[in-house]
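Just so it is clear, none of the values below were taken in a lab; they were calculated from the coordinates. All values reported here derive from a predicted model rather than from experimental measurement. Cβ atoms come from the backbone with ideal geometry, glycine included; neighbour counts cover every protein chain shown.
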Amino acid sequence: MSTNFDGLQAQFENEVASVADAESLRALRDRWLGRKAGLVTDVRKQMGSIPAGDRAAFGKAFNALQQVVETGLERVGQELSQRENSALIERETLDVTLPGRDVTMGHEHPVTILRRKIEDIFVRMGYSVEDGPEIETTFFNFDALNIPEGHPARESQDTMYVSEDLALRSQTSTVQIHAMQRRTPPLRVIAPGRVFRRDTPDATHNPMFFQVEGLNVGEGITLADLRGTCEEFVRQLFGAEAPVRFRASYFPFVEPGCEFDYQCFVCKGDGCRVCKGSGWIEMGGAGMVHPQVLRTAGIDPELFSGFAFGFGIDRLAARQFDLDDIRLLYSNDLRFLEQF
Ligand SMILES: [Zn+2]
């Protein structure tokens, strides 16, 4: 018997012990069991040339060698996959002692915070919140509000036109008309929303800003109701009594028209930095709904009267949050927004 079975077995044990990964295991398997040139295969090929008398012993020794090689390869294969599994577990183990990643929470925009507060106050006073289109026909934006053809407010340098008959609404007063057409008095609505003007942005102007419009139509509504409503609103908004004053003014859709101020609640009218020394803070415009506006919206001015008011939410926010530039509200700068 010329084949050195013991030598081959020792050689295999030696080689299998140095297998480090799946690739070298595969190479070792090919080297020993490969169908064409494997060492074990070579030995099997010798079988035919073994004299008949020695063949049984050769066969036994061959089987033993084949067994050693196969079990050796299998054992190492299992060891390798176990090692790989533990490495995987190691890699994927969650270290619960590591500090967590912060989840960044957003919150409402300052204008939204104030708008909601305003809505809540009026809803408590029996008003409903109305919505209207931001693109309006010139009828709703002007004609129905008693702003006839040729009126300076219709000029294109103030209004952003979409086409000849359509414009981005320049005031939320348009919603008054929709509300009066849809419902019958008594009606109390507020309409907060965006309005658009061709203004050059600066510290106190933005081409898009938020307004709230209020409308109260019923039997026997008077200026005294308007005054009481404004006073109550200011009291609830600032949590302090603040007298309201009206100054005569002109808006085409009200008669009489006025601007209303509230007394500065910081200095109680003596004058301070907040009110720029005047003792009063400007709030917005108001007045009794013009009979022509009521009539256009299908309400008989002989039977009903009403008041309307409007003010800017952005300017109120600027004052409330002490901002020196209204554009901060639209810059989307997180350093600013995170302060609210
Ligand atoms: Zn003041």
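Numbers for the structure displayed
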| read-out | value |
| --- | --- |
| Separation between Cα centres of the stretch 247-276 and the stretch 156-177, rounded to whole Å | 26 Å |
| Paired Rg and Dmax values of the chain, which use every Cα atom, in angstrom | 43.8, 134 |
| Degrees between helix 22-33 axis and first principal axis of the chain (Cα, 0 to 90, nearest 10) | 30 degrees |
| FRET efficiency estimate (nearest 0.05) - Cβ-Cβ, Leu94 to Asp6, R0 45 angstrom | 0.30 |
| Label point 7 Å beyond Cα of Gln82 along Cβ direction - residues of the stretch 1-34 with amide nitrogen under 17 Å | 17-22 |
| Most mobile of Ile281, Ile113, Ile50 in a GNM of the chain (Cα contacts under 10 Å) | Ile50 |
| Spatial separation of Cα centroids for the stretch 1-56 and the stretch 111-151, in angstrom | 93 Å |
| Interchain or long-range residues, amide H under 5 Å from Cys258's placed H | Ser249, Ala286, Gly287 |
| Computed E for Ser18/Ala57 - FRET, C-beta separation, R0 22 angstrom, nearest 0.05 | 0.10 |
| Estimated translational D of the stretch 5-92 in µm²/s (Stokes, Kirkwood radius over Cα pairs; 20 °C; 1.002 mPa s) | 150 µm²/s |
| Formal net charge of residues neighbouring Val244 (Cβ-Cβ distance under 12 Å; K, R +1; D, E -1) | -2 |
| Inter-label distance for Arg44 and Arg194, nm, one decimal - labels placed 7 Å from Cα along Cα-to-Cβ | 7.9 nm |
| FRET efficiency estimate (nearest 0.05) - Cβ-Cβ, Arg101 to Arg26, R0 56 angstrom | 0.85 |
| Neighbourhood charge, 15 Å Cβ-Cβ cut-off, centred on Pro192 and excluding it, Lys, Arg +1 and Asp, Glu -1 | -1 |
| √(5λ) per eigenvalue of the Cα gyration tensor, the stretch 68-152, largest first, Å | 76, 21, 11 |
| Net +/- balance of residues flanking Arg83 in space, Cβ distance below 12 Å, scoring K and R +1, D and E -1 | -4 |
